[in-house]
Amino acid sequence: MNSDNGNGAAASGLAPLAIHRESLSAQIIKALTEYFFSGSVQAGSKLPSERQLADSLGVSRGAVRDAIQSLGLLGVVDIRQGDGTYLRAGGSDLLPRVIEWGLFLGERRVMDLVEARQQLEIVVAGFAARRRSDDDVAKLQSLVDAMDEEANRPGFIDFDVDFHAAIAEAAGNMALRDTLAGITSLIRLWMTRSIEAAGETESSNAEHKAILKAIVAGDSRAAQSAMRRHMKCAEQRLRRTLGNNPSMSTTRDRPPVAS
């Protein structure tokens, strides 16, 4: 790797990639996050240039640029136009989660998971309306109230995830519950980003309240319909978020999930 600008040594822990079945974007992001987490780059410090990183990894600058843009959207790095890219002081908290995934979720994988989640959530909502207990209803109501109190604050997404998990629990099907939990863990960071990008949480919680109303009434069809509307709106928020990321541009060309 070239060592101009004094940054070459900083990236010496990177080795050329051996391209295989993972997408190139996934491999680059995985390599970069492992490099950051190794301690080679201190939080707040400037990263080597795109050209230096590309030379180290044996890939194009464009591929590195797309990977950096994705990590910027995730909040791992801070991209400063005309100055360079810096590892965020708080970004290191996200790295273990990214590494745990094994690879970064590319645009197709993200939307595949969103599509799967949509269909499962709709089914689960119908079951919950038929099977919910008084305790389930009380828990769901407390989570909706908590989201009202946490509007536009970091805690909102935690209660949001808990709300959907509580619906899955009320549905009384462990296989569906566990499958949904796995999918949610993979796309939770994107869910957080889409809520942040929306700039408000009232519309999302209004959708939750409609779902809860149907579950309380024991109306399976209404619960499924309300969840379908919620999933459609959530998808639209996510698409807008992904659309702000150059490396996710192809996502915008994918047909919307049928409702």
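The values are calculated or read from the model by the stated rules, or taken from the named source; none is laboratory data. If you're wondering where the values come from, they're calculated on a predicted model, not measured in any experiment. Neighbour counts run over all protein chains shown; Cβ positions are idealised from the backbone, glycine included. What goes into the accessible areas is simple: the full protein's heavy atoms, side chains included, and nothing from ligands, DNA or RNA. Shrake-Rupley method; radii C 1.70, N 1.55, O 1.52, S 1.80 Å.
Quick notes on this structure:
- Charge sum, other residues only, whose C-beta stays under 12 Å from residue 118's C-beta, Lys/Arg counted +1 and Asp/Glu -1: 0
- Counting Lys and Arg as +1 and Asp and Glu as -1 over every other residue whose Cβ lies under 9 Å from the Cβ of residue 139, the net charge comes to -4.
- Cβ-derived FRET efficiency at R0 22 Å, residue 79 paired with residue 34, nearest 0.05: 0.65
- Net charge contributed by nearby residues that have their C-beta within less than 12 Å of residue 67 (K/R +1, D/E -1): +1
- Ranked by solvent-accessible area (1.4 Å probe, protein heavy atoms only, all chains present), the residues 160, 135, 55 order from largest to smallest as 135, 55, 160.
- Segment residue 203-residue 178, length gained on full extension (0.36 nm per residue, minus Cα span): 6.3 nm
- Excluding same-chain neighbours fewer than eight residues apart, the lysines reachable from residue 139 by a Cα-Cα span under 29 Å are 209, 213, 232.
- For the range 140-217, the alpha carbon positions stretch 34, 31, 15 Å along the principal axes, listed from largest to smallest.
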